[in-house]
Every structure is written in structure tokens, then in C-alpha cells.
Ligand code: GLN
């Protein structure tokens, strides 16, 4: 039977509960255990797929095509867990399923209520992951902050679950903020005390308190938190701000979190250490030999979380080249307003990520043009491939005002358009081309050289496709279609060979990059940027 670790958060949001859960997962894996991680999101959307990135941050995509919370990205980057659509549970999903059961008459005349019907459904969904994925430890992260009305059913469900599972089978970790008040020169434990009190009021007793803090807590502060929060002093864990998130598993180990969990859950470790992680990831991030500046031209630049996996994959690509990444984040609307030179002159690589809707499109197209004409390595991802193709059609093939039908329905040159099957679709939720699809690479191309194999699988999230009726015209002018989805003969990768490195893909390679295994496209892109620099 799997053991469970529940992770809750207190005081404020954005404490890094996802990274905490992932780091605990990494720590347990380093000790020879298998793990999986679940994110419970209290909002009523069935999934984040219909939310604006400015509301929610990046939408992460799993192999099985779930549009999921970005914390699932951390889970996959830190651990070997293979997360599926079941690893993200939302209030919307739970109610949807309960209401469908009610309509079918499954509740046999009963009044359907939050307790027990909603809480039972939550417990069922959590236990299903444990049963299906058969791991030693399931980490369950509850989104939101203790005290929020909307997360109450999830907290009640984990309270019940712990009682059912019994001792040795479940532990609670509470992540809180311990602020440093500059003017007083003091660290304050009161918010943590209140947050733990709020948890206790609903019957949840934390076993471990992870304290996010600017300055490490002293022994005295730990003892104070222990006293007021009813835990042992060694169960109060420092989570001091670090330079890179990949340091956190190591800092948890130093705090003895692995030993604490072993004792609480009676875990049997099979030796193991984090030394590979320290050598292959941390050391390379901290003391690289080179530096390279890469521009990301997007439309959700103001929000750090909107391109989470892209930024992480760039970091991985850089560490794979023993290089420090300097990111230049450029809002494509600024390019439209102030011209391109100001923003892209001097950068060594340009990445245009995914996106939806008209806003900022011309700025992205201009970025593709600038990179193509100035021999700057260009990496287009999803919308970034579509903009590269539109640019090429307009400026190399002479198709005036060529566009995607997403931005101009009546364009004379619909270089990117909808497949017939997409035209019929009305609903917005979960109706795009989603999840892993096979792609065949053409030998002798850059893509083949990068992946070193013919058959690859990458994750998708888009509605529009390269329009096959323009294939010939674009190929004639030198565009190479190096990756194809064979079943439907769709273009997945394009490249230019009259350029040092110009590759764009319809899929999202960033979702499969890990610090220990940088995605080959990101690694190759950074390598190209470094050689341009020389
Ligand atoms: N808006 C484009 C489409 O739906 C690109 C999507 C994306 O970049 N994820 O096809």
C-alpha cells in the first residue's frame, strides 16, 4: 500500500508548495523509493485550459493530453513521476463527476452533499492515482491557502483520508511564510502560529512545518514555532530563499527532512544520495564556463509563470552547455510600438513561444524575420512555428499578407489554418490537439541530427496547423519540413538550412525537458547561440 504525504500552504500564496512537494519527491527518489504527485486545485474550472495565462500562468500538458496546472511541470522536472490527467484534481472535475452521477441516479435518493459525497469523490480520485501508479509514496499538494473557503472540501478529504489510513501511512507537511521585518530586525512567527491554528481548527495536525524565509531560522525560533504549533523542534524545517530552485532537495536533506519522513512513515530507504543531482545539476548551474543572452519574445511576458516550462527548459539547455543563461524577456507588443532593433540587436538567440489570439502577433512575426535575416539562431515553439512560417510566406515567397486564419479569417494566403475536424468544434475546453503524438524525422535534417533518431514523441496543445496546400511553394524557396506526424501527414517541424540554426516545431518540447536530461532541441539551440557569439 502506498504512503501519503499531504502538503498544505499557509499565510500567503506563491510560497512554492509545488516546488516543496517536488523537492520532497526528489529526496525520496534519491533514497530509492518511487513517488507520484497530485495537485488539487480548488477552482471551479474543470481544468486551466480555458484560463488566460495572466490568470493562471502556464498550462502544462501531459502525455495523455491533460491541460494541467503548472505544478505538474515541477513534478516531472524534479522526479521520475509520469503524471497523467488524474494527477490534477480540480473542484470543477469533482463536481462535474458528482453531478453526472446524481443525474444517473447513482445516489439512490439521497441528498447529495459536500460531506460525504464531494469529499468521497476527492478521496476516490486521490486513491485511484495511488492504485494505478503503484508507487511507494504519493504526495498530494492542496492548492490555495489554509483559510480559503474554496479549499475546505479538499482539506476535509485529506483529514478523513489520514484517519482512514492510520499512523505510518500518512503525514502532513505545512508550508508557511516566516517573514523578516526589516525595521524591527526580527523574524516573525505569528503568521505561522495562526495558520497552524486554522489548520487545527479543521482537524488537521501538521507533522512537519516548512518555513519559507529570507534568513535561516535560529534554534530558538524553531523552538518557538515548535512550542506554539505543537510539533517537535526538529520538525520545523528551514526553507531559506535559494539562487536556484534545484537546490531545494539538497537544502531539505541538510535539514534532515528525509530522516524525519522515514521515522514518521516508517519508510525503508535503500541507501542512495543526491550526489548525482549535485554534480550534474547544481554544480553546473552555479559555476558555468560561458554566458549567453537569449531573447524570449512573447505576449505574456509580464507574468513570470506564463512561460514557466520554457524558461526552465532554457536553463536546462544552458546547463547542458556549461553555460549561464541570461534571459531577455521581450513583450512582442513593444516591438510593434518601438521597432525591433532596440530589442533584438545583440542577442544571440531568439525564442518565440506559444500563444493564442491576435494581440502581439506582428511583433512575433517581426522577431522571426529579424532572426532569419540576421542569422541569429531562432527557435519557434507552436505559435512560434506558425509565425515563422507566416513570415517566410510573406517575405520570402511573396505571399502578401499571408496569415493564420486564427488572426485573419479572410486572408488570401491561409498558411496556417484549421483542419476540417476542428472547424466543427464549438466547445473550448479540452478540444485542441492535445498530448503526445508521434513525429517522424527526415534523415539529413537539423532535427534528425539533434534527436539522432527517426521516431520521436512530443506533446501538443494547439488548434491550427501548417496548411499542406502551401508545402510545395515554401519548400521551393528553401523551407525544409523535417518532422511529420505520419498518421495525418501534418507538418511538425520546419527548418532553414541557409541559416546557422532556424528550427521551429508545432509541439511543445519544453514539457519534456529535465535538469538532468536537457531536451535536445534546447541544448542544440543554446549551443548554436554560443557559436554565433564567438
Ligand atoms: N494559437 C495557435 C493554435 O491554436 C498556437 C497555440 C500554441 O502556441 N500553443 O494553433
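Taken together, the values in this text are just the output of simple stated rules run on the coordinates, not laboratory data. Nothing here was measured: the structure is a model prediction, and the numbers come from that model. Note that each Cβ is placed from the backbone with ideal geometry, even for glycine, and that neighbours are counted across all protein chains shown.
At a glance:
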{"item": "DSSP-defined beta bridges in the chain - what % are antiparallel, rounded to 5", "result": "35"}
{"item": "Estimated 222 nm signal from helices in the chain, with DSSP H stretches of n ≥ 4 weighted -39500 (n - 2.57), rounded to 500", "result": "-10500 deg cm²/dmol"}
{"item": "Point-to-point label distance, residue 182-residue 477, nm (Cα→Cβ direction, 7 Å offset)", "result": "5.4"}
{"item": "Estimated D of region 329-385 in µm² per second, where Rh is the Kirkwood radius over Cα pairs and Stokes-Einstein applies at 37 °C, 0.692 mPa s", "result": "294"}
{"item": "Sites residue 488 and residue 127, calculated FRET efficiency, Cβ-Cβ separation with R0 35 Å, nearest 0.05", "result": "0.40"}
{"item": "Against the rule of thumb 2.2 N^0.38 Å, how large the Cα Rg of region 387-438 comes out", "result": "1.35"}
{"item": "Computed over region 212-367, the ratio Rg/Rh where both radii use C-alpha atoms and Rh is Kirkwood", "result": "1.13"}
{"item": "Helix 361-373 axis, angle to the chain major axis (alpha carbon atoms, nearest 10°)", "result": "60"}
{"item": "Region 332-481: Rg to Rh, with Rh as the Kirkwood radius over Cα pairs", "result": "0.96"}
{"item": "Kirkwood-Stokes translational diffusion coefficient of region 32-168, alpha-carbon pairs, 37 °C, 0.692 mPa s, µm²/s", "result": "209"}
{"item": "Percent RCO, i.e. relative contact order, over the chain, from Cα pairs under 8 Å lying at least 6 residues apart", "result": "15"}
{"item": "Region 1-148, relative contact order in percent, only Cα pairs under 8 angstrom and at least six apart counted", "result": "43"}
{"item": "Kirkwood estimate for region 76-123, i.e. one over the average of 1/r between Cα atoms, Å", "result": "12.3"}
{"item": "Cα-based equivalent ellipsoid, region 408-457: semi-axes from gyration tensor eigenvalues, Å", "result": "30, 18, 8"}
{"item": "Shape call, region 456-502: gyration tensor on alpha carbons, a/c limit 1.5", "result": "oblate"}
{"item": "Size descriptor, Kirkwood hydrodynamic radius, that averages inverse alpha-carbon separations across region 185-248, Å", "result": "12.4"}
{"item": "Gyration tensor (alpha-carbon) shape descriptor, region 421-534, a/c threshold 1.5", "result": "oblate"}
{"item": "Pair residue 443, residue 134: separation of 7 Å Cα→Cβ label points (nm)", "result": "3.9"}
{"item": "Bridge type composition, region 38-192 - antiparallel percent by DSSP, nearest 5", "result": "40"}
{"item": "Separation of the residue 14 and residue 290 label points, Cα + 7 Å toward Cβ, nm", "result": "3.4"}
{"item": "Crossing angle, helix 119-133 versus the chain [Cα axis fit, 0-90 degrees, rounded to tens]", "result": "70"}
{"item": "Convex hull (Cα only) mean projected area of region 125-170, reported in nm² to one decimal", "result": "3.6"}
{"item": "Full-extension gain in nm, residue 230 to residue 51, via 0.36 nm per residue minus C-alpha separation", "result": "60.5 nm"}
{"item": "Whole-Å semi-axes of the chain's equivalent ellipsoid (Cα gyration tensor)", "result": "43, 28, 21"}
{"item": "Theoretical FRET efficiency, 1/(1+(r/R0)^6), r = Cβ-Cβ of residue 279 and residue 167, R0 35 Å, to 0.05", "result": "0.40"}
{"item": "Full-stretch length increase - residue 425, residue 305 - with 0.36 nm per residue and alpha-carbon distance subtracted", "result": "40.3 nm"}
{"item": "Using distinct alpha-carbon pairs, which all enter the 1/r mean, Kirkwood radius of region 312-421 in Å", "result": "14.8"}
{"item": "Helix axis angle, 383-395 relative to the chain longest principal axis, alpha carbon, degrees", "result": "10"}
{"item": "Sequence-separation-based contact order of region 436-484, relative, with Cα cut under 8 Å and 6+ spacing, percent", "result": "47"}
